[in-house]
1. Among residues belonging to region 11-29 that are surrounded by fewer than 17 Cβ atoms within 10 Å (Cβ to Cβ) and under 12 Å from Phe95 (Cα atoms), point out the one that is modelled with the highest pLDDT.
2. For the subset of region 65-87 comprising residues that are in contact (Cβ under 8 Å) with a residue 40 or more places away in the chain and more than 20 Å from Leu23 (Cβ to Cβ), which member is nearest to the chain's Cα centre (by Cα)?
3. Find the residue count for region 51-85, including only residues that are among the polar types (S, T, N, Q) and modelled with pLDDT under 95.
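The values are calculated or read from the model by the stated rules, or taken from the named source; none is laboratory data. In this text the structure is predicted, and so the values were computed from the model without any measurement. Quick reminder, even Gly has a Cβ in these numbers, built from the backbone with ideal geometry, and neighbours come from all protein chains shown.
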Amino acid sequence: MAIYVSLGIQNLAVADTAVGFTLPAATVGTTYYAHCVVETASIRHTCDGTAPVATTTGTPRNIGDVFEVWGGPDLVGFKAIRETATSGALATEYFGVKA
C-alpha cells in the first residue's frame, strides 16, 4: 500500500486562456496526483494536452466540485479554461512521494 504525502499547493487562476498545472520544481517526477476543488466559477478541463474550449469541449466542473488528476501524463497534459465570462479558481494540492 502506497502512502502519499502533500508536496505543495497551487491556487490556479482559470481565465479565458487555457492554463495547466505548475508542479513544484522539486516534485517533478515524484508527484502522483493532484486533488482539486473548483472555486469562484465553472471551468472545463482536459488531460490530454489539448486546450478545452469554453462551453463546448472538456469536462465541465462546477463550483464546489472536487476531483483528482492521476499520473504523470495527465498531470502534464492538464489544461483548464473558464466556462463563462467569470474567471474561476482551482485550489490544488499535489501528492506523491518525497524524494
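1. Among them, the one singled out is Gly29.
2. Filtering first and then ranking leaves Arg82.
3. Here the count works out to 4.
Each row is one residue, and each column tells you yes or no for (1) closer than 28 Å to Val5 by Cβ; (2) surrounded by fewer than 17 Cβ atoms within 10 Å (Cβ to Cβ); (3) out of contact with any Ser or Thr (no Cβ under 9 Å at 6 or more places or on another chain); (4) among the polar types (S, T, N, Q).
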site: Ala34; (1), (2), (3), (4): yes, no, no, no
site: Arg44; (1), (2), (3), (4): no, no, no, no
site: Asp65; (1), (2), (3), (4): yes, yes, no, no
site: Phe78; (1), (2), (3), (4): yes, no, no, no
